[in-house]
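Report on the following structure.
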Amino acid sequence: MTAKSDDDTKTIHVNAAIIGSGQAGPSLAAALAAEGESIALFEGHLVGGTCVNTGCTPTKTLRKSARIAHLARRAGEFGIHVGEVTVDFPAVMARVETVVNASRAGLTKWMTGTGGVTLVREWARMDGRDGEGERAAFVVQTGSQRFVAERVYLNVGTSAVMPNIDGLNESGAMVNDALLALRVLPRHLIILGGSYIGLELGQIFRRLGSAVTVIESSPMIVSREDADVSERLTALLRSEGIQILSDAKVQRVSGQSGREVTVDVQVSAEQPAIAVRGTHLLVATGRRPNTAALGLDSVGVTLDAQGYVPVNGTLETNVPGIWAVGDVNRRGAFTHTSYQDYEIVFANRRGVARTVDGRIPTYALFTDPPVGRVGMNETAARRLMSEGRRFLTVTHEMRNVSRAKEESETVGVIKLLVDADTDRFVGATIFGIGGDEIVQTISAVMAADAPYQVLRDFLPVHPTVTEFFPTILGKLAPLV
């Protein structure tokens, strides 16, 4: 069906409405349009969503500048003398802006130039059905238009959460998008939250020249990882001059971020609170789904207690004809999982059975060096041992990898886990040079349901980090 306008009701009829232009939305819109369908793609803010505008694209671009500054300061280790290293922060941020703008413009051009796709630059919400019965089409309302769609795909993502801390809302504290909009380097950046976003940005801004303090309420940073990995990462960040306060409870915030801000922190029950003073405050303690204003109750879509949209294996909600893709469905919180959601939805639309059930969690923490992770870690494996599961494991220090030594990038560790009864990998953690890329070797073997011996016996390239897999896997031993 092609889009058409009813002169009496000013209603636009389409085959599918996609609310949100994050990683899944545009690709799904183009793929469905290529099948001859009419698509309305709604975006009330910036085309490309979090990844392009305030997430992956700007932070990884910024990370490169920070890494160059870090390597320049280390140049003497390699026999290279560069003199004093200075950072032109406005120029750094101008480069980030250029990359982001080009990415967003390219995506916008793609959507506006794709036949069958109408890019609607307005906020959208569900507004019931167009008629009676379960087969009635869905109404999507914007500020100026009314759309009727046979199917709806929700790709609305998440937003940063401000925790309930005395004085925080009055302090002008930033979330990641506001931090990335700065054009003056913070003198002292205080970060609430010692997980992925907080640590990545903390290391970046430290390398660019800010003093950085990270305050984490849990006993260790990146609490999803093994304790030894957290300890290694903590040591690395502290060696670069980042102050890390873990198991710390924020009591109150005073002052104004951007000028002078104070965070009162209880770090020990036996000691009085300490005052951490800085110039800027970043909150990176969690995110919430963008479902509150979507009007999902008007069509009966169920939300969980946190506002996420539960879905089945094909990513359909409890309401037939409405799917949720990307972070909002809680089946993954990454750009790559969102993109795979599109692939799964489109495959099933074409009659090719695919499911999100059983998807192997794979992700990276983009500190430098990064932490690559697939499947379970040692902590999770030990919990399963109480149920009778048996595992093989091996740990290999990155300092014993030739490539790491040659490049003076010896921080980190490789940790592999294998099911002792099936010889299948169940997880890997690779903290160190290339960890974000190398871990995908394990992920591919797991996706193929191949035994670990495939990687033990393959022919790797020298000199690389991956070449050590045959050696490492030859040392597997029972996890005890």
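Every number in this text was worked out from the coordinates using simple rules, so none of it is lab data. Small disclaimer: the values here were computed from a predicted structure and weren't measured. Don't worry about glycine lacking a Cβ; one is built from the backbone with ideal geometry, like all the others, and counts go over all protein chains shown.
Which three lengths, in whole Å and largest first, does the chain cover when its Cα atoms are put on their principal axes?
The Cα atoms of the chain stretch 74, 58, 48 Å along their principal axes.
Order of 284-292, 429-437 by packing, highest average Cβ count within 10 Å first? List each step's numbers first, then the result.
Details: 284-292: 18.9, 429-437: 23.3.
Highest-to-lowest ranking by the protection proxy: 429-437, 284-292.
Starting from the Kirkwood radius over alpha-carbon pairs of segment 67-144, derive D by Stokes-Einstein at 25 °C in a medium of 0.890 mPa s and give it in µm² s⁻¹.
Translational D for this selection: 136 µm²/s.
In nm, what is the difference between 0.36 nm times the number of residues separating THR379 and THR355 and their Cα-Cα distance? Please list the in-between numbers first.
Values: separation 24, 0.36 × 24 = 8.64 nm, distance 2.73 nm.
Residue separation times 0.36 nm, minus the Cα-Cα distance, leaves 5.9 nm.
Which three numbers, in whole Å and largest first, are the semi-axes of the equivalent ellipsoid of segment 1-121 derived from its Cα gyration tensor as √(5λ)? The partial results should precede the final answer.
Working: eigenvalues 403, 32, 17 Å².
One finds semi-axes of 45, 13, 9 Å for segment 1-121.
Please find the FRET efficiency linking ALA292 to THR112, where r is the Cβ-Cβ separation and R0 is fixed at 30 Å, and quote it to the nearest 0.05.
On the way: r = 29 Å, r/R0 = 0.96.
The pair ALA292/THR112 has a calculated efficiency of 0.55.
Write down the Kirkwood hydrodynamic radius of segment 169-285, to one decimal in angstroms, obtained as one divided by the mean of 1/r over all alpha carbon pairs. Could you put the intermediate results ahead of the total?
Details: mean 1/r = 0.0708 Å⁻¹.
Its Kirkwood hydrodynamic radius stands at 14.1 Å.
For the chain, what's the relative contact order in percent, using C-alpha pairs closer than 8 Å and at least 6 residues apart? Please list the in-between numbers first.
On the way: 1008 pairs, mean separation 59.6, N = 480.
The value is 12 percent.
Just for the Cα atoms in segment 335-428, what are the lengths along the principal axes, largest first, rounded to whole Å?
Principal axes ranked by extent give 50, 38, 19 Å for the Cα atoms.
When only alpha-carbon atoms count, how far does segment 377-453 stretch along each of its three principal axes, as whole angstroms with the largest first?
42, 26, 18
What does the charge dipole of the chain about its Cα centre add up to, to the nearest 20 debye, if the Cβ of each Lys and Arg holds +1 and the Cβ of each Asp and Glu holds -1?
Using Cβ point charges on Lys, Arg, Asp and Glu, the chain gives about 700 debye.
Placing +1 on the Cβ of each Lys and Arg and -1 on the Cβ of each Asp and Glu in the chain, which of GLY351, ILE197, ALA34 has its Cα farthest towards the positive end of the resulting dipole?
Going by the Cα projections, it comes out as ILE197.
Scanning the chain for helices, which whole DSSP H stretches are 20 Å or more long along the axis (Cα) and average -1.0 or more by Kyte-Doolittle? Please report the intermediate quantities before stating the final value.
Working: long enough: 56-73 (25 Å, -0.50); 89-112 (34 Å, 0.36); 335-349 (21 Å, -0.88).
TM-like helix candidates: 56-73, 89-112, 335-349.
Only counting other Cβ atoms within 10 Å, I'd like TRP323, TRP110 sorted with the fewest neighbours first.
Details: TRP323 28, TRP110 16.
Fewest to most other Cβ atoms nearby, the residues stand as TRP110, TRP323.
Sequence gap at least 6, Cα distance under 8 Å: using those rules, report the relative contact order of segment 178-297 to the nearest whole percent.
Values: 215 pairs, mean separation 33.2, N = 120.
For segment 178-297, the relative contact order is 28 percent.
Could you rank the peptides 76-84, 99-107, 240-248, 345-353 by their average count of other C-beta atoms within 10 Å per residue, with the highest value first? Walk me through the numbers on the way to the answer.
Numbers: 76-84: 8.4, 99-107: 15.8, 240-248: 17.3, 345-353: 14.0.
Put in order of decreasing packing, that is 240-248, 99-107, 345-353, 76-84.
Between GLU84 and ASN164, take the C-beta separation as r, use R0 = 56 Å, and let me know the FRET efficiency to the nearest 0.05. Walk me through the intermediate numbers first.
Details: r = 44 Å, r/R0 = 0.79.
So the FRET efficiency works out to roughly 0.80.
Over the chain, what is the percentage of antiparallel beta bridges among all DSSP beta bridges, to the nearest 5? Write down the numbers at each step before the final one.
On the way: 52 of 85 bridges.
Of the beta bridges lying entirely in the chain, close to 60 percent run antiparallel.
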